[in-house]
Structure formats: C-alpha cells, structure tokens
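To start, the structure itself, in structure tokens.
Rule-based calculations on the coordinates, nothing more; no lab input. Here the structure is a predicted model, which is why all the values come from computation and not from measurement. Cβ atoms come from the backbone with ideal geometry, glycine included; neighbour counts cover every protein chain shown.
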Amino acid sequence: LEDKATILFLNRLSGINYTHHLEFIETINRIAKYQKDFEVVFTNPSGKIDQTWLEANCANVRKINSPLNREDYWKLLYESDISVHLFTLERYSGCSVRESIHAENITVVANCFEQARLVDIPELKVDIIDGEISIDSLEKSLNYALLTKYLFDDDDFKKIREKNINCCSFEAQVVGILDKLYDLIS
C-alpha cells in the first residue's frame, strides 16, 4: 500500500523492558491480524535487541540501518505518522516524545508523568494498571491513532506543538521530585 502509516518506537529496547517494547510488540501483533495498512520502525539506538529478533517477533517491521545519524533520525521523524512512548519510570519521558510532537507525529503515550500532560487527547493516553501497560488500552490508542491520522489538520498540530514548546519539563515535575526526595529523607 502506498498510504501505509509508519508507527515509530524510538526508545531503547532492553532486557528489563523499561520502555515496554514487549507490550508494544504484542499489541502490534494483535492489530496486524485485522489491519495491514501500517509498518513499524524501531530505532533501537542501543542495539541490545537484535534486528533479526524484531523481524521474527513483530509484525510489519521495516528494517532500517540503526543507529541513525541525526539527519536520518529527523528525516524518519518527519516522514512518519505515529510514535509510541511508554515510559512509566522516567518522569521526563525522554527527548523523543517532544521531538515526535514537534515533527507532528500522532503521539501515543503512557498515561503518566510529563507525556500525559503534553498529549491532550485522552484516546492517545495508554492506561497503566498495577504499574503495567494495559495492552487492551494500547491497542485502542493505536487504532485511534491509525484512524485519526487522516483527520488531524494543521490547527490540531499547531495547538499541540505550542503546548510542547511552552511547557517546561522541570516546572511540571518539580513537585513530584521534591515529594520523592522528602520521602527518601524521612
């Protein structure tokens, strides 16, 4: 298909699954059973998970030469449609969330910390149940993103980008960080 959506998973893949790539892969495999008009790209910057393993275990993977240089990374971002960010430990969610928003990707995020504040659309926020990513919720969010890729217009992205630029990560997270520090000291 010419009009295949490109779904990005920009974060590191690791043995401890802290970016929840395994839940993402399980969800992609579910969706691929009934929908074929998308491809998945893992930037896999640390290279800890082998590309061959990804191709064997995740549907619709498009192979890229990783790691990417900055120029190729930005090109990939701006030519893609959807990005997924499932951090549940790091309060700042990594740079790729903000980069994805700036590149006008429809951004699917775990419903916690900074990323939940940056993404205003409830359907793009993935539920966390008992500290784990809800696969059912992620599937709903990805389906919503795949459907709305055709409905987002420049005004929608303009509002999201302005919020991304005008919201300071530190200010948004300082209270939570100070509360954690107080708990540690107490």
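Assorted remarks:
- Coupling constants for region 113-122 follow from the phi torsions by the Karplus curve (6.51 cos²θ - 1.76 cosθ + 1.60, θ = phi - 60°), and in residue order they are 6, 4, 4, 5, 6, 6, 9, 7, 8, x Hz; glycine and proline get x.
- FRET efficiency estimate (nearest 0.05) - Cβ-Cβ, residue 69 to residue 154, R0 35 angstrom: 0.75
- Checking the Cα-Cα distances for 36/140; 4/33; 4/63; 36/63; 125/180; 75/149 against a 21 Å cut-off, the pairs over it are 125/180.
- Amide proton proximity set for residue 126, modelled H, under 5 Å, gap of 5+: 109, 110, 111
- Kyte-Doolittle mean at least -0.5, axial Cα span of 20 Å or more - DSSP H helices of the chain: 169-185
- Charge context of residue 26, other residues only, Cβ under 13 angstrom, K/R +1, D/E -1: -2
- Region 72-144 and region 1-33: distance between their alpha carbon centers, rounded to Å: 12 Å
- Mean-square fluctuations from a GNM of the chain, with a 10 angstrom spring cutoff on Cα atoms, peak among 100, 141, 46 at 46.
- Other residues whose C-beta falls under 10 angstrom from the C-beta of residue 62 contribute a net charge of 0, scoring Lys and Arg +1 and Asp and Glu -1.
- When the GluC sites (Glu not before Pro) in region 1-86 are filtered for DSSP coil states and for at most 10 other beta-carbon atoms within 10 Å of their beta-carbon, the remaining sites are 2.
- The computed P(r) over Cα pairs in 5 Å bins from 0, in percent for the structure shown corresponds, within [x] 1, 7, 13, 14, 16, 16, 13, 8, 5, 3, 2, 1, 0, 0; [y] 1, 7, 14, 18, 15, 14, 13, 9, 6, 3, 1, 0; [z] 1, 8, 16, 21, 21, 17, 9, 4, 2, 1, 0, 0, to [z].
- If you run the Gaussian network model on the chain, springs between alpha carbon atoms under 10 Å, then out of 41, 109, 97 the most flexible one is 41.
- Sparse-neighbour loop sites [chymotrypsin sites (Phe, Trp or Tyr not before Pro); region 1-60; at most 14 other C-beta within 10 Å; DSSP]: 34
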